[in-house]
Amino acid sequence: MRRFIVIGHKAATAADFKLDDLAGGAGRLDVLLRCINSAFFLSHDIRRDVEVVLILQGPPGPVRTIRLVGSELRYLNPDERSTGALIRNALMRDAKGEERSTPGIYVSARSFQDVLALLDKGTELVYLREDGQDIRGVELPKDVTFVLSDHMDLSPDEEDLLLQYGPRVLTLGPMSYHADHCITIVNNELDRRSL
């Protein structure tokens, strides 16, 4: 399983945003929607062995987590607006524990710490950071979880929490990339290794 955990520092935690304003009124939810597209979409298909966990930390709060499971996903289209509608529908639910919104999309009130604590102990945890070791020189198992952030870096507290779990710190190259591009690069790198 390939898993991508993406923190949305300003992403709306309520469903009162307009689908025409995903970059502003929804707190840069557009960045997270592009991450979903990069994680799942192939030409004429979607990746079934991928899971995406979005941790929405914007207003009005508290934190909401959206989990998308490739093997169960239905109704996912490559445009940001329709994906935004699926996320907005999930946010309409008042889930205490994890609750299914639509096939393959789950919503909960889990925090970043909760998400990390629930990871299977057998998964390799990778923190994507610009000053890490080059991913091309590292062996990775099939069960791997990548942690990255939206258009902002992890906060010092978030980074300290993540580092307590002993992740490998890897970089994807010599440049700074957008979060969705990072996911595309990771998928390509792992696809090449699986041939």
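No value in this document is a laboratory result; all are computed from the given coordinates. Here the structure is a predicted model, which is why all the values come from computation and not from measurement. Here Cβ is always computed from backbone atoms with ideal geometry, including for glycine, and neighbour counts include all displayed protein chains.
Could you tell me how many degrees, from 0 to 90 and to the nearest 10, lie between the Cα long axis of helix 179-193 and the main elongation axis, the longest principal axis, of the Cα atoms of the chain? Around 50 degrees separate the two axes. Bridging of K96 to aspartates and glutamates at a Cα separation below 17 Å is possible for D114, once same-chain residues fewer than 8 apart are set aside. Mind listing which chymotrypsin sites (Phe, Trp or Tyr not before Pro) in segment 87-144 are in a DSSP loop and have 16 or fewer other Cβ atoms within 10 Å? Filter output for segment 87-144: empty list.
I need the calculated FRET efficiency for the pair D153 and R48, taking r as the beta carbon distance and R₀ as 35 Å, to the nearest 0.05. Please report the intermediate quantities before stating the final value.
Working: r = 31 Å, r/R0 = 0.90.
Step by step, r from the Cβ atoms, then E = 0.65.
Normalised by the number of residues in segment 114-193, the mean separation of alpha-carbon contacts (under 8 Å, six or more apart) gives a relative contact order of 40 percent.
First measure r as the distance between the Cβ atoms of R93 and E72, then evaluate 1/(1 + (r/R0)^6) with R0 = 22 Å and state the FRET efficiency to the nearest 0.05.
Values: r = 17 Å, r/R0 = 0.75.
For R0 = 22 Å, the calculated efficiency reads 0.85.
Computed packing ranks the peptides 71-80, 135-144 as 71-80, 135-144, most packed first, by mean other Cβ atoms within 10 Å. Relative contact order, whole percent, for segment 53-97 stands at 26, derived from Cα pairs under 8 Å and 6 or more residues apart.
Within straight-line reach of K18, meaning a Cα separation under 16 Å, sit the following lysines at least 8 residues removed in sequence or on another chain: K10.
Across segment 112-118, coupling constants 3J(HN,Hα) worked out from phi with the 6.51/-1.76/1.60 Karplus curve, θ = phi - 60°, read 4, 4, 4, 4, 5, 5, 8 Hz, and Gly and Pro carry x.
When DSSP beta bridges are restricted to pairs lying wholly in the chain, around 40% turn out antiparallel. In straight-distance terms, cross-link reach from K142 covers every one of the lysines whose alpha-carbon lies under 16 Å from its own, apart from those fewer than eight places away in the same chain; here that gives K121.
Here the spin labels are modelled as points 7 Å beyond Cα on the Cα-Cβ line, and at D21 and R136 they lie 4.4 nm apart. Relative to the first principal axis of the alpha-carbon coordinates of the chain, what is the inclination of helix 29-40, with its axis defined by its Cα atoms, in degrees from 0 to 90 and to the nearest 10? The answer is roughly 50 degrees. Computed from backbone phi, the HN-Hα couplings of segment 90-97 come to 5, 5, 6, 7, 9, 7, 8, x Hz, rounded to whole numbers (Karplus: 6.51 cos²θ - 1.76 cosθ + 1.60, θ = phi - 60°; Gly and Pro given as x). If each of A85 and Y177 carries a label point 7 Å out from its Cα toward its Cβ, how far apart are those two points in nm? Result for the modelled spin labels: 3.1 nm. Normalised by the number of residues in the chain, what is the relative contact order in percent for Cα pairs under 8 Å and 6+ residues apart? Reported relative contact order: 25 percent.
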